[in-house]
Amino acid sequence: MIYWDHAASTPPYDEVIQTMAEVMKKHYGNPSSIHRMGEDAAKLIKRAREVCAGALNVKPAEIILTSGATEGNNMAIKGTAMQYGGRGKHIISTQIEHPSVYDSCLDLKKQGYEITFLPVDAKGMIDPADVASAVRKDTILVSVMHVNNETGAIQPLADIGRVLKNTNPLTVFHIDGVQGFGKLPVDLEEWQADLYTLSAHKIRGPKGTGVLYKREGLTLHPLLSGGKQESGLRAGTENIPGFVAMSKAMRMAAEQTEAFMKEVGAYRDILLDWIRKTPSLEPNSFEEGAPHIVNVSFPGMKAEVLLHTLEEHGMLVSTKSACSSKTTEPSRVLLAMGRSEDAASSAIRISMGMTNTHQDVKQLLTALDAAVSRLQPLRQEGMK
C-alpha cells in the first residue's frame, strides 16, 4: 500500500521514534519534582522549548507546549475571547477553516459572541480587503489558516496581517499553521501574528504534541485549571518524551522545507497536469497552492467509492479533512469555493510527503486511470 494521506498524519522520522523511546525509558521523572530526576526532566522540557522556538525564530518564552493543534486552536480562540471579551465580542474567521477553529467560533457564538465568517474566491483565497472591511472597534480576534487542509490554498497572511493591524492594532491575529510549517516558509514577524498553532504529527513527529506560539505581552485566559505548567496556561504534567521528540521533528522539518517544496511540489504539478487532461475529473487545487495537497472531484460518483476503489489498487487517499472524513455531508470548504454539491460530495484529497517517490506517483496515476475507467459507466448511469 502506498500512503497518500500525509495531510492527515505523517510517518515519524526514525530519529524521532528513537528519541521518544530513549527519553521515555530514561527520563520518567516529573518536571515539577525538585529532586534530581525531576530537575533533569525540567531541563529536557527547557531544551525542547528552545529548539521549537528556534525553528519558528521566536523566543522560548513565547512557546506553549500543547497536545496538538485542536487544543492549540481552542486555547488561542477561546482563551482570547475569555481574556478580551470586555473589550468586544466580535470575532472574524473564514468559511474554510479546520473544524477545531470553525467549531470553536460556533461555540463562542452560543455564548453571545458575534462571528463573521469571511467568504473565499473560486481558488479558496481570502481577500485582505474583506478583512479590512469586516474589522470593527469591538473586533477582538481574527483567525485565518495558513494553508487549507483540504485544497492546499495558501492565504496571503502578510497582507492580512498588515490591513488588520492598520485597521485595529488591538485585534489579536491567530494563524492555524498546521499544514504550512515544514512545507512552506514561515515568518511570524512579517505576518504580524500574535498566535500561531502547529501539530507535531503533521511534520513526522509524535501524535499528542503541538505548539502554540503566543506573542510576548499577549495574555490568554487558560482553559484548564490546576497546576502552573506552561506559565499557568496549561495545567497538567508535561509530556516529556513527546515534547522532546516534537522538538526534533520541528528542527528537521524546518531544515528540509526548501527540499520539501521542490520535491513534493514536482509531484503535485504532475498530478494536476494529469487531472486536467482527464475530462471526467475536476481539480480543486492549483499550482500556486501548497506543494503537498491535491484535491480532485469526480462528479457523479461518491468520494468514498473512488477512495475504496483506489485502495483496491494499493493507494491510500482521503476525503475532506481527517476530522470530517467519516461524515457524509458535502465538503464545507468546496461549497464555500463555489463548487456544486455534486462536486463537493465527490472529492478526494491526495496529500504527499518526502517518503513518496516519482515511482509512487506513476503508480498512483495508473491506479487513478484504472479506477476512473472502471467507475465511469456507473457514474454515467447515476447522472442520467
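The values are calculated or read from the model by the stated rules, or taken from the named source; none is laboratory data. The shown structure was predicted, so the numbers you read here are calculated from the model rather than taken from an experiment. Note that we place each Cβ from the backbone using ideal geometry, even for glycine, and neighbour counts take in every protein chain shown. Surface accessibility is based on the protein's heavy atoms, side chains included, excluding ligands, DNA and RNA. Shrake-Rupley method; radii C 1.70, N 1.55, O 1.52, S 1.80 Å.
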- Task: Could you please let me know if Ala76 is more than 25 Å from Gly289 (Cα to Cα), in contact with a Phe, Trp or Tyr (Cβ under 7 Å, 6 or more places away or on another chain) and among the small types (Gly, Ala, Ser)?
- Result: no
- Tabulated pairs, the stretch 35-53, first modelled with pLDDT of 95 or more, second aliphatic (A, V, I, L, M), C-beta under 6 angstrom, 6+ apart or interchain: Leu44/Ile240; Leu44/Val244; Ala48/Val244; Arg49/Ile63; Cys52/Ile63; Cys52/Val211; Cys52/Met250; Ala53/Ile63
- Could you tell me which of the residues Glu341, Glu329, Glu311 is modelled with pLDDT under 95, under 26 Å from the mean Cα position of the chain (by Cα) and loosely packed, with under 15 Cβ neighbours inside 10 Å? Glu329
- Message: I want to confirm something. Restricting to the stretch 57-79 and keeping residues that are assigned to a helix (DSSP H, G or I) and open to solvent by less than 10 Å² (accessible area, probe 1.4 Å), which single residue is farthest from Ser100 (Cα to Cα)?
- Response: Gly79
- Within the stretch 108-118, tally of residues that are out of contact with any strand residue (DSSP E or B) (no Cβ under 8 Å at 6 or more places or on another chain) and open to solvent by less than 60 Å² (accessible area, probe 1.4 Å): 1
- Of everything in the stretch 210-262 that's β-branched (Val, Ile, Thr) and at pLDDT 95 or above, which residue is surrounded by the fewest Cβ atoms within 10 Å (Cβ to Cβ)? Thr219
- Message: Go through the stretch 2-45 and report how many residues are open to solvent by 50 Å² or more (accessible area, probe 1.4 Å), part of a loop (DSSP other than H, G, I, E, B) and among the hydroxyl-bearing types (Ser, Thr, Tyr).
- Response: 2
- among the small types (Gly, Ala, Ser) and out of contact with any strand residue (DSSP E or B) (no Cβ under 7 Å at 6 or more places or on another chain): does that describe Ser351? no
- Query: Looking only at residues in the stretch 228-240 that are touching a residue at least 12 places away in the same chain (Cβ under 8 Å) and in a helix (DSSP H, G or I), which one is farthest from Val23 (Cα to Cα)?
  - Reply: Ser231
- Could you pull out the residue among Glu190, Glu150 that is open to solvent by 20 Å² or more (accessible area, probe 1.4 Å), at pLDDT 95 or above, within 29 Å of Lys262 (Cα to Cα) and among the acidic types (Asp, Glu)? Glu190
- Subset of the stretch 157-181, residues open to solvent by 10 Å² or more (accessible area, probe 1.4 Å) and small (Gly, Ala, Ser), comes to Ala158
